[in-house]
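Reading through the structure tokens given below for one structure.
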Amino acid sequence: MAWKNYFIIFGLAQVKFLFAASIAFATMPDLSFLEIFIPTAIGALFCFNIIFFLSKRIMLFSQKRRIYRNLNSGKPPKKIFTKKNKWIVNIKRSDRGFLLICLLAPLFLSIPIGTIVVAKFYGDRPISYYFVSILLVFTSFLLTFLNDYFFGFF
């Protein structure tokens with residue numbers, strides 16, 4: 001057993017989840033489907049759990065820092081409402097937005113940043129934690145399966 005390879009995949013899944021299975025199949029061809037799927041899923045869930053439960057503290061720290069900067073600058077903060085902000089609010093309030101953000105934010109932004117986005121928008125919904133956890137395992141399985149199938153041709 002090559003524990004070093006498992007820890008590399010575990011760490012890679014925490015940082016860049018979307019490419020973890022591809023990099024594992026490309027650089028470690030001797031590993032099987034399960035030997036790549038399990039560390040990828042566990043790494044994603046480990047990082048998601050830590051960041052999800054720390055996200056309230058991270059957001060509180062960020063808010064305090066923003067208030068401190070605004071008080072020391074002497075200027076009142078500008079409130080800018082752009083089309084992009086309106087689009088984000090519309091996505092946040094829709095039911096499809098909940099599904100899209102829970103699925104795509106951890107996938108494309110990375111697990112830590114995507115988890116903070118999910119916790120900020122939907123941290124008050126208890127189902128969001130379970131939904132993202134299930135989606136991470138399912139996405140990990142899907143990415144590992146597709147990479148196994150794709151690299152099987154070469």
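Throughout, read-outs are computed from the coordinates displayed, never taken from laboratory work. Bear in mind that the values here come from a model prediction, so they are computed numbers and not experimental data. Virtual Cβ from ideal backbone geometry, glycine too; neighbours counted across all protein chains shown.
Taking 1 over the mean of 1/r across every pair of different Cα atoms in the chain, what Kirkwood radius in Å do you get? After inverting the pairwise mean of 1/r, the radius is 17.2 Å. Axis of helix 17-27 versus longest Cα principal axis of the chain: the two differ by about 30°, to the nearest ten degrees. Taking one quarter of the surface of the convex hull spanned by the alpha-carbon atoms of segment 49-136 gives a direction-averaged projected area of 6.5 nm². With the simple model of a label 7 Å out from the Cα in the direction of the Cβ, ASP124 to ILE23 spans 3.7 nm.
Sorting the segments 23-29, 42-48 by their residues' average number of neighbouring beta-carbon atoms within 10 angstrom, most packed first, yields 42-48, 23-29.
The modelled label-to-label distance between LYS16 and ASN70, using points 7 Å beyond Cα along the C-beta direction, is 3.6 nm.
Taken one residue at a time, the phi angles of segment 59-70 give Karplus couplings (6.51, -1.76, 1.60, θ = phi - 60°) of 5, 5, 4, 5, 5, 5, 5, 5, 5, 4, 5, 5 Hz. Gly and Pro are set to x. Within the chain, the longest run free of trypsin sites (Lys or Arg not before Pro) that sit in a DSSP loop with at most 14 other Cβ atoms within 10 Å is 80-154. Compared with the dominant principal axis of the Cα atoms in the chain, helix 3-15 is inclined by about 30°.
Between VAL137, VAL118, VAL89, the residue with the greatest mean-square fluctuation in the GNM of the chain (Cα pairs under 10 Å linked by springs) is VAL89. Against the chain, whose longest principal axis comes from its Cα atoms, helix 126-151 is set at around 40 degrees. From its DSSP helices (H runs of at least four residues, each -39,500 (n - 2.57)), the chain gives a residue-normalised ellipticity at 222 nm of -27000 deg cm²/dmol.
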